[in-house]
Structure formats: structure tokens, C-alpha cells
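Participant: What follows is a structure written as C-alpha cells; I'll ask about it next.
The values are calculated or read from the model by the stated rules, or taken from the named source; none is laboratory data. Keep in mind it's a predicted model, so treat the numbers as computed, not measured. Here Cβ is always computed from backbone atoms with ideal geometry, including for glycine, and neighbour counts include all displayed protein chains. Accessible surface areas use protein heavy atoms only, side chains included; no ligands, DNA or RNA. Shrake-Rupley method; radii C 1.70, N 1.55, O 1.52, S 1.80 Å.
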Amino acid sequence: MLENGLKNNPENENLKRIVDLHNKMFIFTNQLFNKEDIVHIENRELYKKLHSTQIELETLKLNHERLKSKAVRPTTGDRNN
């Protein structure tokens, strides 16, 4: 609509300014959306890394506890000999 008005009246300075501001606002809004998308993608990747690290940590804890319980377990009799 603004472009059509500018085509019909190309010398109108106010209309030129409005079209220019509209274009700048459009570009700015797209840049903001792109930045927001990038932040969401980065957050998703960080969450995946955090989740993997937490799983690895819990696995290490469980393995450590198993080894500890095997080492401390009292033996009853001499079954190996």
C-alpha cells in the first residue's frame, strides 16, 4: 500500500520517509526474530550437552557405588580356593 502510494506520488517526502522507516522496521524485526531463533537453537544445544553430562555423571556415580560395595562386601568363608 505504501509502495503504491509512493509510485503515485514519488515526490512526497513524508511518504518516502514513512516507506523508509517501514522498511527499516521490517528489517529490524526480522533481525530480532533471527537472533531469537539462534538463541533458542543455542539453548537447545546447551540443554542436550547438559543432559548428556548429567547422564554420564550419574552413570559414573552408580559404577563407583557398585565397585565400592563389592570392595567392602564381607566374604563368608573361602569360596575361591
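Participant: What's the magnitude of the charge dipole for the chain around its Cα centre, counting Lys and Arg as +1 and Asp and Glu as -1 at the beta-carbon? Answer in Debye, nearest 20.
Facilitator: Details: 14 positive and 12 negative charges, 144 e Å.
Charge dipole, the chain, about its Cα centre: 700 debye, nearest 20.
Participant: For VAL72 and MET1, compute 0.36 nm times the residue count separating them, minus their Cα-Cα distance, and round to one decimal in nm.
Facilitator: 17.4 nm
Participant: Now for a separate question. Looking at [x] 3, 15, 23, 22, 18, 11, 5, 2, 1; [y] 3, 16, 28, 27, 20, 6, 0; [z] 3, 11, 9, 8, 7, 6, 7, 5, 6, 5, 5, 5, 4, 4, 3, 3, 3, 2, 2, 1, 1, which value of P(r) over Cα pairs in 5 Å bins from 0, in percent comes from a calculation on the structure shown?
Facilitator: Among [x] 3, 15, 23, 22, 18, 11, 5, 2, 1; [y] 3, 16, 28, 27, 20, 6, 0; [z] 3, 11, 9, 8, 7, 6, 7, 5, 6, 5, 5, 5, 4, 4, 3, 3, 3, 2, 2, 1, 1, the one calculated here is [z].
Participant: Please report the net charge: other residues with Cβ closer than 14 Å to the Cβ of LYS16, K and R +1, D and E -1.
Facilitator: -1
Participant: Calculate the FRET efficiency for GLU45 and ASP20 from the Cβ-Cβ distance with a Förster distance of 41 Å, rounded to the nearest 0.05. The partial results should precede the final answer.
Facilitator: Details: r = 38 Å, r/R0 = 0.92.
The pair GLU45/ASP20 has a calculated efficiency of 0.60.
Participant: Hey, which lysines would be in cross-link range of LYS7, C-alpha to C-alpha under 29 Å, not counting anything within fewer than 8 residues on its own chain?
Facilitator: Answer for LYS7, where 29 Å is the Cα cut-off: LYS16, LYS24, listed by chain and number.
Participant: Averaged per residue, what accessible area in Å² does the chain show with a 1.4 Å probe, protein chains only? Please report the intermediate quantities before stating the final value.
Facilitator: Details: 7980 Å² over 81 residues.
I get 98 Å² per residue for this part.
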